[in-house]
Amino acid sequence: MRAGAATMPMRTSDADFGPLTYPLTRPRHLTPVSSTIGYWANKIRNVLFVTGYPPKMSPTYPRSTAVFDLASVALVRFAQAYLNAGLVFGGHPLGSHKDPRTRFTIGSGSEPEALDGGRELARQERKIDAGADYIVTQPAFNLEALKNVQEYRAKLPIVVGAMVLRDLQHARRITQVPGVTVPEAVFTRLHQYESEADQAQAGIESAAEQARWIRREGWAGLYLMSPSSHQPVLEVLKQGLG
């Protein structure tokens, strides 16, 4: 079996932390998905499987077609039942060595503010039944929305997403992401500042407040997203968890 070429530069043997890979099922068909074994070969032990959304291209670009051979629920199930059992997806041994199992820690996504809440909760149940080890949420600006995943905390770790907003324009763009709601209070806060630098600082402070709340409420972890660089994330960690 061939390891995916994209994983080859991702050497982590000298790192003192475990990276989290984030493969989408949208652009993949079933056979190349087997190349997930390349992550394991490169000492990557944590994967987060999400389906992704249909591709949206600029009108000036050729049309792009999603593949969607399998969604995240199926991939979680296959990875647990096959790769973590030492088998390729066809059912043959993953290797000839004594213990070919991968032992991935497998996560999947959640949208606490999905438009169709019932459908999202049903998918959540299927992901857990398929063997997900943890769940990562979309950015939760409205922390009250987390009550929609509260009941699952007794079943598996829930890692709460938080996004560091760069400015007002960034906040407006984020409202177009399915499953993410930016409350009016966030816009009111950003509107208090004229310069982008001050708005960026307000975004950092807001994310730090979220981080403190997530920690105080005892959620399993924090998934910080930053649109530009790692520096805002470091600032949020310093203010929120320092």
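If you take the residues of region 116-142 that are aliphatic (A, V, I, L, M) and touching a residue at least 24 places away in the same chain (Cβ under 8 Å), which of them is surrounded by the most Cβ atoms within 10 Å (Cβ to Cβ)?
Checked region 116-142; the qualifying residue surrounded by the most Cβ atoms within 10 Å (Cβ to Cβ) is Ala132.
Looking at Gln199, is it touching a helix residue (DSSP H, G or I) at 6+ places or on another chain (Cβ under 9 Å) and in contact (Cβ under 8 Å) with a residue 60 or more places away in the chain?
no
Being without any contact (Cβ under 8 Å) to a residue 24 or more places away in the chain and either surrounded by fewer than 20 Cβ atoms within 10 Å (Cβ to Cβ) or not aromatic (Phe, Trp, Tyr) (or both): is that true of His191 here?
Yes.
Of the residues that make up region 143-151, is at least one in a loop (DSSP other than H, G, I, E, B), touching a residue at least 12 places away in the same chain (Cβ under 8 Å) and among the aliphatic types (A, V, I, L, M)?
Within region 143-151, one or more residues are in a loop (DSSP other than H, G, I, E, B), touching a residue at least 12 places away in the same chain (Cβ under 8 Å) and among the aliphatic types (A, V, I, L, M).
If I filter region 95-115 for residues that are outside the structural domain of Lys43 (by TED's automatic domain parsing) and assigned to a helix (DSSP H, G or I), do I get at least one hit?
Looking through region 95-115, none of the residues is outside the structural domain of Lys43 (by TED's automatic domain parsing) and assigned to a helix (DSSP H, G or I).
How many residues are within 21 Å of Gly107 (Cα to Cα) and modelled with pLDDT of 90 or more if we restrict to region 149-179?
Qualifying residue count for the region: 15.
Out of region 166-186, which residues are surrounded by 14 or more Cβ atoms within 10 Å (Cβ to Cβ), touching a residue at least 60 places away in the same chain (Cβ under 8 Å) and under 19 Å from the mean Cα position of the chain (by Cα)?
Hits for region 166-186 are Gly179, Val180, Thr181.
Of all residues in region 72-112, which are of a type in the set (D, E, K, R), more than 19 Å from Ala41 (Cα to Cα) and either out of contact with any strand residue (DSSP E or B) (no Cβ under 7 Å at 6 or more places or on another chain) or free of Cβ contacts under 8 Å to residues at least 60 places away in the same chain (or both)?
Arg77, the sole residue that qualifies.
Please specify each residue of region 214-242 satisfying the condition of being of a type in the set (S, T, N, Q) and either assigned to a helix (DSSP H, G or I) or under 17 Å from the mean Cα position of the chain (by Cα) (or both).
Within region 214-242, Ser226, Gln231, Gln239 qualify.
Looking at Ala211, Ala162, Ala185, Ala202, which one is touching a Gly at 6+ places or on another chain (Cβ under 6 Å) and outside any loop (DSSP other than H, G, I, E, B)?
Matching residue, one of Ala211, Ala162, Ala185, Ala202: Ala211.
The values are calculated or read from the model by the stated rules, or taken from the named source; none is laboratory data. Not measured: the values here are computed from a predicted model. We place every Cβ from the backbone using ideal geometry, glycine too, and count neighbours over all the protein chains shown.
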